[in-house]
Amino acid sequence: MNKTSWTNGAALAVALGLTLVLAWDRTAVTRPATVAGPMMRHSARARVPLPGGGEGLPDATGHPVPLRPYNRIVSSSALTDRLLIELAEPDRVLAFSATGANSSPWAYQLAGKATVDALGPIEAVIALKPDLFLMNSFTAGGRVAKLRAAGIEVFDLGQLRGLATVLPMAETLADLLGHPERGQQFALSLERRMRSVAAGLPAQTPRRRALYLAIIGPRIFGGSTGTSYHDVITHAGLVDAAAGHFADWPGFSSEQILKLAPDIIVTKDGMGPALCAYPGMGRLTACRSPGGVIELPAGLLDEPGPAMLDAAEALFARAYPDRP
């Protein structure tokens, strides 16, 4: 796995041993998808009093980070890059992630700033003398300890699981930055816009069944409930063919994919031919049908943050080309 897919790819790597196979209830995946209903409930983490006075915000590990001005902020992932672009004044950001600078469709927004490698030497980060380091659950504990020993506050925003996590992450980060109202507005706007992508599909329109797939090493992996891939698929007006059978980032055999029988395979640019050439996959209807494989830029699919909106819009346009 290369670093261009670090944000979702790291989550995938962590989850390979956590694949959840559920009972085969065919009705669970043939009902039309819907994004109607109440808006999600999401909010920033509650503030806590600090022993020496003042307030702090607990990060995903429970470590309280003081609420005070931070003006030398370092981002270590494409997701925290995008959230900082949305929520922070540009002059408060000291460095963005190398992943975002190298592979994000919005890399131009990071121009003029230093970059850091989330997996590189920690000394390079310390040398920048940041006052706040933002991360997403994939930095080894020893690295975090070294950063804190150097006087750098480290805030772990937690696991990346699509809208259910990115909305409260945005509100928490905005509170940490001293502008909670920015996070609240961002979260409400992103959720509303995601829900509007397929809102124009008539209720009687048959929803096509889709499956996100990617080849990593010798195997095929996917992304279903509990991931941003599921959110992109369902908000694009499609049914996640794996939902009800698999969750998180499962590994698939060709036989399992054939049994799921998706109408559409969703994958990254350039990966469609390899998927359909994988042993056994040539029998899949999606591989033999025009438009059955939809490729989207990896920079959209691999970022479980604001890019989900762009990915859902692009997927909707390709899956339902006759709809405005």
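The values are calculated or read from the model by the stated rules, or taken from the named source; none is laboratory data. Just so it is clear, the structure is predicted and the values come from calculations on it, not from any experiment. Every residue, glycine among them, receives a Cβ derived from its backbone with ideal geometry; neighbour counts consider all protein chains shown.
Out of (1) within 16 Å of Arg82 (Cβ to Cβ); (2) buried (at least 16 other Cβ atoms within 10 Å of the Cβ), the odd one out for Lys146 is which? Only one criterion in (1) within 16 Å of Arg82 (Cβ to Cβ); (2) buried (at least 16 other Cβ atoms within 10 Å of the Cβ) is unmet by Lys146, namely (1). For region 262-316, a residue qualifies if it is among the charged types (D, E, K, R) and under 22 Å from Asp231 (Cβ atoms), and the qualifying residues are Asp263, Lys268, Asp269, Glu295, Asp302, Glu303, Asp310, Glu313. Among the residues of region 57-114, the one identified as of a type in the set (S, T, N, Q), closer than 22 Å to Gly151 by Cβ, surrounded by fewer than 22 Cβ atoms within 10 Å (Cβ to Cβ) and under 23 Å from the mean Cα position of the chain (by Cα) is Thr61. Here Leu132 meets each of (1) in contact (Cβ under 8 Å) with a residue 24 or more places away in the chain; (2) over 16 Å from Leu84 (Cα atoms); (3) of a type outside the set (D, E, K, R) with one exception, condition (2). Filtering region 221-249 to residues that are assigned to a loop (DSSP other than H, G, I, E, B), in contact with a Phe, Trp or Tyr (Cβ under 7 Å, 6 or more places away or on another chain) and either without any contact (Cβ under 8 Å) to a residue 40 or more places away in the chain or within 28 Å of Pro306 (Cβ to Cβ) (or both) leaves Gly223, Ser224, Thr227, Ala236, Gly237, Trp249.
For Arg82, are the conditions met, namely being assigned to a loop (DSSP other than H, G, I, E, B), of a type in the set (Lys, Arg) and in contact with an Asp or Glu (Cβ under 9 Å, 6 or more places away or on another chain)? Step through it out loud before you land on a result.
Values: assigned to a loop (DSSP other than H, G, I, E, B): no; of a type in the set (Lys, Arg): yes; in contact with an Asp or Glu (Cβ under 9 Å, 6 or more places away or on another chain): yes.
For Arg82, the condition - assigned to a loop (DSSP other than H, G, I, E, B), of a type in the set (Lys, Arg) and in contact with an Asp or Glu (Cβ under 9 Å, 6 or more places away or on another chain) - is not met.
Specify which of the listed residues (Ala187, Ala236) is outside the structural domain of Pro290 (by TED's automatic domain parsing) and surrounded by 21 or more Cβ atoms within 10 Å (Cβ to Cβ).
Details: Ala236 fails: outside the structural domain of Pro290 (by TED's automatic domain parsing).
Answer to the check: Ala187.
Quick check on region 248-290: of everything there that is of a type in the set (Ser, Thr, Tyr) and within 21 Å of Ala319 (Cα to Cα), which residue is modelled with the highest pLDDT? The selected residue is Thr267.
Hey, does region 90-102 have a residue that's charged (D, E, K, R), over 22 Å from His179 (Cβ atoms) and in contact with a helix residue (DSSP H, G or I) (Cβ under 9 Å, 6 or more places away or on another chain)?
Keep residues of region 90-102 that are charged (D, E, K, R), which gives 91-92.
Okay, now just the ones that are also over 22 Å from His179 (Cβ atoms), so none.
No, because not a single residue in region 90-102 is charged (D, E, K, R), over 22 Å from His179 (Cβ atoms) and in contact with a helix residue (DSSP H, G or I) (Cβ under 9 Å, 6 or more places away or on another chain).
Considering region 254-297, the residues that are over 21 Å from Pro206 (Cα atoms) and either touching a Lys or Arg at 6+ places or on another chain (Cβ under 9 Å) or not assigned by TED's automatic domain parsing to the domain that holds Asp310 (or both) include one that is surrounded by the most Cβ atoms within 10 Å (Cβ to Cβ), namely Leu296.
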